Every structure is written in structure tokens, then in C-alpha cells.
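The values are calculated or read from the model by the stated rules, or taken from the named source; none is laboratory data. Quick caveat, the model's predicted, so the values are computed rather than measured. Glycine also receives a Cβ, built like all others from the backbone with ideal geometry; neighbour counts cover every protein chain displayed.
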Amino acid sequence: MVLQFEKRNNIAYLTLNRPEVHNSFDPELMVSLLEAWEEFRDDNSLRCAIITGAGDNSFCAGADLAKLIPLITGARVPKSDAEEKFKENPGLGNLAILRDFELFKPVIAAINGHAIAGGMELLYGTDIRVASRKASFGLREAKWGIFPVGGSTVQLPLQIPYARAMEMLLTGELMSARQMYDLGFLNRVVEREKVMEEAEKYAEIISKNGPIAVSAIKQSVKTNLGKPLKEALAKEMELGMPVFLTEDAQEGPRAFKEKRQPVFMGK
């Protein structure tokens, strides 16, 4: 099973499970990952997701150079249903790494090891990131004469300062977890054995919050990035005001007044 997908306590757990090849993306993993995101999006019982990698060394090393890239370039023909599906829809990969997939539920990255190339690009679509102290981050594409088309030239300069983003993109050199934390790309840097524990702390807090409010907040942030201020504020009002008309919006203040934990139903 190249992707482990579990549901526990309103939280979806997605584990990239190809540790023998640094959890790199092959067509089967790409197809499975997209299907998992779709199920997470559509399951109203799931309020938050955690994505991680199997093993102690790598979160994800990007595309499998032996299986995925030759399929894209036409150097080999499809040999499985997943490869046929990927060959028929090359854009599937960008959906799987959340580049082109519209998702307004929160996603937490539990970065157990190195996040390189497509593994780094997968992180742009996550909202909170906890990393192992030993993790490293990088976009090596320029070193091999190719282009990081998973969103890096657009997303990375929005998420860290311009000059440091250009350093990563143009040199192809790796940065440490501590460097990425100092740049604001990571929320926590902890020992490897604490990564999932810290990620779950965030997930548990978020999963107890009002799901309609959480989704609308994320949608407003994602939708309004880069928009002119007046237009963005108008869109924020458009997305935010309907939240006040929900049953959850009545439950929250009621629970506060009664000094108890709110029970949100997503209505």
C-alpha cells in the first residue's frame, strides 16, 4: 500500500508509504493521494488532515525518477491502471500535491524527514507544519536542468522572503529545518519522535473548533492572497457573514455563556 489513509477522531491521517525510495511519487502514489484528498474533502466527519511520510529519513523526495518522469516524457509506456490514468491526465499530479486542488479544510504537515522537489512543493498546500530537526528542504530542479512546476516559482516567494526563495530556486541547495523555521515556513521544529505528537496537538485543537468557521477562514485567506485590499475585504465579508447565520454560530456563544466546550455540528 503506497499510501496509508486512516480516519481517527475527526482527523484524516495520510502517510506516504514508499520509504525504500524516500517516499517519492510514482503514478500509483499520485492517484492514491488524489483519491484520499477527495475523500477528506467530501467526508463531513473529517475536520482536519495530517500528512506525513513513512520511515525516519524522508517526508518525500519528489518525483520517482525511474517511474514517474519517464512516463511523463514518453520514455516508457504505462504498465498498470494507475500509470494509464496518470498518462491520460498528466495534470493529476498537480492535483495530488494540492497545487491545483481546491481544499478549504485544514491540512497539517508532520515532516518526518527530508522534503525535496515535489515533496517541498506538497508543503505549499498545507497550513501548519511541524518538522524534525534533521529534516532538510530544497528544490534541486535547476541542478538537473529542469523546472519546478509544482508551484514553487509562484508559491515559495509568497511563503518566505523573496531573496531567500530565489536562493533556494536558483542554487538548488538545501536548507535546514532551523533555517526554514527562522524564515517562517515552519511552525515547530522538534525531535523526530515528537513530530506526530506535535502535529496531533494542532489537529486536536482545530478539530474542536467550528468546522464551518474554520473552512470559511481558510477559504478567505487562500482566495484573497494577492487581491487589492478593497476587493479582498469585500470578499472576506461575503465569505464571513454567512457563518454568523449557522447553528454553530449560535452554539459557540451559548457554550461560552454556559462555561462548557461547544459541540459543533457543522450546520
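Any residue that is touching a residue at least 60 places away in the same chain (Cβ under 8 Å) and either buried (at least 17 other Cβ atoms within 10 Å of the Cβ) or of a type in the set (A, V, I, L, M, F, W, C) (or both) - is there at least one of those in the stretch 221-236?
Yes, the conditions are met somewhere in the stretch 221-236.
Please go through the stretch 188-208 and pick out each residue that is farther than 26 Å from SER45 by Cα and either in contact (Cβ under 8 Å) with a residue 60 or more places away in the chain or not basic (Lys, Arg) (or both).
Of everything in the stretch 188-208, those that are farther than 26 Å from SER45 by Cα and either in contact (Cβ under 8 Å) with a residue 60 or more places away in the chain or not basic (Lys, Arg) (or both) turn out to be VAL189, VAL190, GLU191, ARG192, GLU193.
Pick out the one residue from ASP56, ASP64 that is crowded, with 22+ Cβ neighbours inside 10 Å, over 30 Å from GLN219 (Cβ atoms), over 13 Å from the mean Cα position of the chain (by Cα) and modelled with pLDDT under 95.
One residue alone meets the criteria, ASP64.
Out of the residues in the stretch 6-22 that are closer than 20 Å to ALA115 by Cβ and within 15 Å of the chain's Cα centre (by Cα), which is surrounded by the fewest Cβ atoms within 10 Å (Cβ to Cβ)?
Looking at residues that are closer than 20 Å to ALA115 by Cβ and within 15 Å of the chain's Cα centre (by Cα), I get TYR13.
Could you check the stretch 22-81 and list, in sequence order, the residues that are assigned to a helix (DSSP H, G or I) and among the aliphatic types (A, V, I, L, M)?
LEU29, MET30, VAL31, LEU33, LEU34, ALA36, LEU68, ILE69, LEU71, ILE72
Just one of the numbered conditions (1) within 22 Å of GLY266 (Cβ to Cβ); (2) surrounded by 19 or more Cβ atoms within 10 Å (Cβ to Cβ); (3) in contact (Cβ under 8 Å) with a residue 60 or more places away in the chain; (4) not aromatic (Phe, Trp, Tyr) is not true of ALA135; which one?
(1)
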